[in-house]
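Report on the following structure.
The values are calculated or read from the model by the stated rules, or taken from the named source; none is laboratory data. All values reported here derive from a predicted model rather than from experimental measurement. Please note: Cβ atoms are built from the backbone with ideal geometry, for glycine as well, and neighbour counts cover all protein chains shown. With ligands, DNA and RNA removed, areas are computed over all heavy atoms of the protein, side chains included. Shrake-Rupley method; radii C 1.70, N 1.55, O 1.52, S 1.80 Å.
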Amino acid sequence: MPKVDDAHFAARRRQILDAAAACFAREGFHRTSMQDIVRASGISAGLIYRYFTGKDDMIAAIVAEWHERRTTMLGDDPAAGYLDVLRRVGAPETRPELQLAVQVWAETVRDPDVRAMSRANVDRPVAAVAPLLAGQTEDPESLARVFVAIYQGLVLQTLWDDGLDHEAFVRAVGLLMAPFAQPAAPGGGGEQE
């Protein structure tokens, strides 16, 4: 049997994950069968099972990719990166991903493994951003979680409201962030004489 090179392996894996994500976004996890993924991917079930143990394994891979992509988007300037993440929510091509995100969030109520992955995808950015907010607020972790909640709320509002003005939303969030983007004044009082 010929050995599969890394590029071929990655391309097949991507083909399977893209098909699975499209099926999950359209029909949800529970209504999507492995046969649906086989049809959408054009790959045999036997070959799919060489790459993934099942739907849960695919979900885990998709969630891990999301976290990696959002972490990369935050880059060296987390404040600007965060606003870019919010802007991306409004891009029409992200709608299937948003639908899938809501499916994942709903699955956290039922599946402890999905909940653990989702929690990690919140806890890691909170842990990374909270130190940047230290000195700006008494509770930097809670403030970081508020910004995660803003993202989650924007995802839901985007799916509910086709007329949502994303740029206005991002500008409003930028105004909320402005006091925390400035260095703390000496003495911590914030007032200047």
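Filtering the range 33-48 for residues that are among the acidic types (Asp, Glu) and either at pLDDT 95 or above or in contact with a strand residue (DSSP E or B) (Cβ under 7 Å, 6 or more places away or on another chain) (or both) leaves a non-empty set.
Is it the case, given these coordinates, that Gly75 is within 30 Å of Ala181 (Cβ to Cβ), in contact with a Leu (Cβ under 9 Å, 6 or more places away or on another chain) and of a type outside the set (Asp, Glu)?
So Gly75 fails the test.
Annotation note: Cβ proximity below 8 Å between a residue of the range 137-164 that is under 12 Å from Leu98 (Cβ atoms) and a residue that is among the aliphatic types (A, V, I, L, M) and assigned to a loop (DSSP other than H, G, I, E, B) (sequence gap 6+ or interchain) occurs for Gln157/Leu164; Thr158/Leu164.
Can Glu97 be described as over 10 Å from the mean Cα position of the chain (by Cα), open to solvent by 20 Å² or more (accessible area, probe 1.4 Å) and within 23 Å of His166 (Cα to Cα)? For Glu97, the condition - over 10 Å from the mean Cα position of the chain (by Cα), open to solvent by 20 Å² or more (accessible area, probe 1.4 Å) and within 23 Å of His166 (Cα to Cα) - is not met. Where helices (runs of 4 or more DSSP H) fall entirely within the range 8-94, those with at least 2 residues that are under 23 Å from Trp160 (Cα atoms) are at 55-74, 78-89. Taking the criterion of being aliphatic (A, V, I, L, M), under 20 Å from Ala79 (Cα atoms) and surrounded by 15 or more Cβ atoms within 10 Å (Cβ to Cβ), the residues of the range 104-131 that qualify are Val122, Val126, Val129, Ala130. Ala91 meets all of the listed conditions (1) at pLDDT 90 or above; (2) in contact with an Asp or Glu (Cβ under 9 Å, 6 or more places away or on another chain); (3) more than 21 Å from Phe29 (Cβ to Cβ) but one, namely (2). The helices (runs of 4 or more DSSP H) found entirely in the range 106-193 that carry 1 or more residues being β-branched (Val, Ile, Thr) and at pLDDT below 90 are 112-133.
Table: residues versus (1) in contact (Cβ under 8 Å) with a residue 40 or more places away in the chain; (2) open to solvent by 40 Å² or more (accessible area, probe 1.4 Å); (3) under 29 Å from Gln157 (Cβ atoms); (4) not small (Gly, Ala, Ser).
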position	(1), (2), (3), (4)
Ala11	no, yes, no, no
Gln15	no, yes, no, yes
Ala40	no, yes, yes, no
Trp66	yes, no, yes, yes
Gly75	no, yes, yes, no
Glu93	no, yes, yes, yes
Val102	yes, yes, yes, yes
